[in-house]
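Only one structure is covered here, and it is reproduced in the block below.
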Amino acid sequence: MTTETVIELGRRVLMNTYGRLPVAPVRGQGSRLWDADGREYLDFVSGLAANALGHCHPAVVEAVREQAGRLLHVSNLYHIAPQAELAAWLVERSFADRAFFCNSGAEAVEGALKLARKRAWRRARAAGKAPDAVAGPDTSAGSRAPFEVIAFHKSFHGRTYGALSATGQPRYHQGFEPLLPGIRLVPYGDLDAVARAASPATCAVLVEPVQGEGGLNVPPPGFLPGLRAMCDRHGWTLVFDEIQCGLGRTGRLFCHQHFGVEPDVMTLAKALGGGVAIGAVLAREDVAAAFEPGDHASTFGGNPLACAAALATLRVIEAETLPERAARLGAYLSDALRALARTVPGATIEFRGLGLLQGVRLAFPGAPVVQACLERGLLVNCTDTDVLRLLPPLVVTEAEIDRALEILEASLVAVTAALPA
Ligand SMILES: *Cc1c(COP(=O)(O)O)cnc(C)c1O
């Protein structure tokens, strides 16, 4: 099929949920992609941060081939060796003692929300209180759920109902109400707003250590430690959503390691499978203990194929010290982006991000820049309307960054020249 026939077919038979760019990739290697017409692209989107090792890393391809020929799926009625090994790898290197596996980021967030609520429910029950006895005063008005979660404006946690309800972006909510009750959304970085939103019903805080979709927002100093202190004081569960910022991209294996705080629960997905769908909920022992057999489940969660891919991915991330590489090349990329402020004056407003999770707030909407880059063979993404987001694979080279920045500069020059005076 050519690009045109792929686009035409999809237009007729797929639900119209995505604003897709006119490219139909068919093959990839490292930082490069080729489309159905044989055109080559430098890929600085990396499957929205999922392809941390670039396309078709040989270790992941080999692990998938080997596992596919042995056993694809059995369900969690049985014990699954790669699942247990994957959990062991993760808990040995994190604050967590236990893992639950699912198939996507949104599902991991759902699992984390359920775990936090179940933990609060068990505590309330142990204290001899019926769940509604811990609710706020206005339960009868229906505005207070027995166990509330505080989440943040400009967050992104996924599109299923719980995750969507915790996503602080009203445009994603429109037309889908009523959402899950008991989620309080407050400004990111604002500890006072968290204190004001808190009630006796509060049971958890859900936060991205660095916000991804919301525009690469790095937390102000003291914000995450402040949340940790509040959670400790009140017995709330602190959940870090590291689905986008985790697993090396920001320069540490886990993003929260930059900030000297540990969560009680953490969600992972995106990069975890090296391109294969998988999500995870990690928790400390005393928190994980809130789940008992029957409380949560997923038919495909932690299947042998996805876990084998994830194990291979994590072993490469560690063996090739990719978090350190992300820190080093992230600094290189960040410097190169800042140079654009001089070479294309007036185009850029602000630089943000950490490691290889980098963004530039433009002085105009980003869509034409994405299009101009595409025409010149570079894939980049725009988020929050005017934030150009660069998510190269962690294996990207300096030469590839140089090439990407040449294309970006030419694209910004072209778009700026075409702007109305
Ligand atoms: C992408 C993302 C999700 C949702 O992941 P899906 O796999 O698309 O469901 C959740 N949280 C964060 C921070 C994300 O970036």
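The values are calculated or read from the model by the stated rules, or taken from the named source; none is laboratory data. Worth saying up front: this structure is predicted, and the values here are computed from it rather than measured. Ideal geometry is used to build each Cβ from the backbone, glycine not excepted, and the neighbour counts take in all protein chains shown. Remember, those area values only see protein heavy atoms, side chains included, never the ligands or the DNA or RNA. Shrake-Rupley method; radii C 1.70, N 1.55, O 1.52, S 1.80 Å.
Things to note:
- Net charge, P170 excluded, C-beta distance under 11 Å - Lys, Arg +1, Asp, Glu -1: +1
- Simple label model, 7 Å out from Cα along Cβ direction - R93 to D295, nm: 2.7
- Placing +1 on the Cβ of every Lys and Arg and -1 on the Cβ of every Asp and Glu, with no other charges, gives the chain a dipole of roughly 640 debye about its Cα centre.
- Relative contact order [Cα under 8 Å, 6+ residues apart], the chain, whole percent: 21
- Compared with the alpha-carbon gap, the fully stretched path from E320 to R27 is longer by 103.1 nm at 0.36 nm per residue.
- Considering the range 294-347 at the alpha-carbon level, its Rg and Dmax are found to be 19.8, 59 Å.
- Paired Rg and Dmax values of the range 201-265, which use every Cα atom, in angstrom: 11.5, 36
- For the range 139-230, the alpha carbon convex hull comes to 90 Å³ per residue, rounded to a whole number.
- The chain - Cys residues lacking any other Cys C-beta under 4.7 Å: C56, C102, C203, C231, C307, C373, C382
- Positive contributions from Lys and Arg (+1) and negative ones from Asp and Glu (-1), summed over other residues with Cβ under 12 Å from the Cβ of R159, come out at -3.
- Under the Debye formula (equal points on every Cα, no solvent term), log10 I(q)/I(0) of the range 8-47 at q = 0.14, 0.15, 0.24, 0.29 Å⁻¹: -0.37, -0.43, -0.86, -1.01
- Convex hull of the range 1-109 built on C-alpha atoms - directionally averaged projected area, nm²: 9.9
- Taking the protein heavy atoms of the range 18-99 in the context of the full set of protein chains, the accessible area attributed to carbon and sulfur is 54 percent at 1.4 Å.
- Reciprocal of mean inverse Cα separation for the range 247-370 (Kirkwood radius, Å): 17.3
- Peptides 318-331, 165-178 ordered by packing proxy, namely the average of other Cβ atoms within 10 Å per residue, highest first: 318-331, 165-178.
- The gain in end-to-end length when the V61 to W121 segment is fully stretched comes to 17.3 nm, 0.36 nm per residue minus the alpha carbon separation.
- The distance separating the Cα centre of the range 36-113 from that of the range 208-224 comes to 25 Å.
- Computed across the range 329-421, the Kirkwood radius stands at 13.0 Å (inverse of mean 1/r, all Cα pairs).
- Pairs of Cα atoms farther than 42 Å apart, the chain, %: 14
- Lysine-lysine proximity count for the chain, Cα under 24 Å, sequence distance 8 or more or distinct chains: 5
- Using the Cβ-Cβ distance between L77 and D286 with R0 set to 35 Å, the FRET efficiency from 1/(1 + (r/R0)^6) comes to roughly 0.80.
- Between D190 and A331, the modelled label-to-label distance comes to 3.5 nm, taking each label 7 Å out from Cα in the direction of the beta carbon.
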